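Participant: This structure is in structure tokens; I'll ask about it shortly.
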Amino acid sequence: MWARHKVIARSSAALLIRGQVQAADGVVTLVADKLERLDLSMTTGPSRDFR
């Protein structure tokens, strides 16, 4: 899995991760099976002046 998604994981500002959560002996881990780049760009409307 890491070989397929290495570039996305290392170059993205945010990720959407799908996988399975495992808990044992007080430790919680996520075993990922899919990574996707999460787009953080926002579209803005016209500027408003509230004065």
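Participant: What accessible area per residue, rounded to a whole number of Å², is obtained for the chain using a probe radius of 1.4 Å?
Facilitator: Computed with neighbouring chains in place, this is 96 Å² per residue.
Participant: Which order, highest average first, do 13-21, 29-37, 42-50 follow once you tally other Cβ atoms within 10 Å for each residue and take the mean per peptide?
Facilitator: Working: 13-21: 10.4, 29-37: 12.8, 42-50: 4.4.
Most protected by this proxy first, the peptides run 29-37, 13-21, 42-50.
Participant: Now, a different point. Debye calculation, C-alpha points only, no solvent: report log10 I(q)/I(0) for the chain at q = 0.21, 0.31 Å⁻¹, in the same order as the q values.
Facilitator: -0.83, -1.14
Participant: Express the relative contact order of the chain as a whole percentage, based on alpha carbon pairs under 8 Å and six or more residues apart in sequence.
Facilitator: On the way: 54 pairs, mean separation 18.3, N = 51.
Computed value for the chain: 36 percent relative contact order.
Participant: Another question, then. How many nm is it between the label spots at residue 44 and residue 15, if each spot is 7 Å from the Cα in line with the beta carbon?
Facilitator: 3.0 nm
Participant: Accessible area of the chain with a 1.4 Å probe: how many percent of it is carbon plus sulfur? Let's see the in-between values first.
Facilitator: Numbers: 2660 of 4900 Å².
Within the chain, the accessible surface is 54 percent carbon and sulfur.
Participant: How far is helix 2-11 tilted, in degrees, relative to the longest principal axis of the Cα atoms in the chain, given as a value from 0 to 90 rounded to the nearest 10?
Facilitator: 30 degrees
Participant: Would you calculate a helix-derived [θ] at 222 nm for the chain, using -39,500 (n - 2.57) for each DSSP H run of n ≥ 4 and dividing by the full residue count, to the nearest 500?
Facilitator: Per the formula, -6000 deg cm²/dmol.
The values are calculated or read from the model by the stated rules, or taken from the named source; none is laboratory data. Everything numeric here is computed off the predicted structure, so don't read it as measured data. Cβ sites come from the backbone with ideal geometry, for glycine too, and all protein chains shown count toward neighbours. Areas reflect the complete protein model, heavy atoms only, side chains present, ligands, DNA and RNA absent. Shrake-Rupley method; radii C 1.70, N 1.55, O 1.52, S 1.80 Å.
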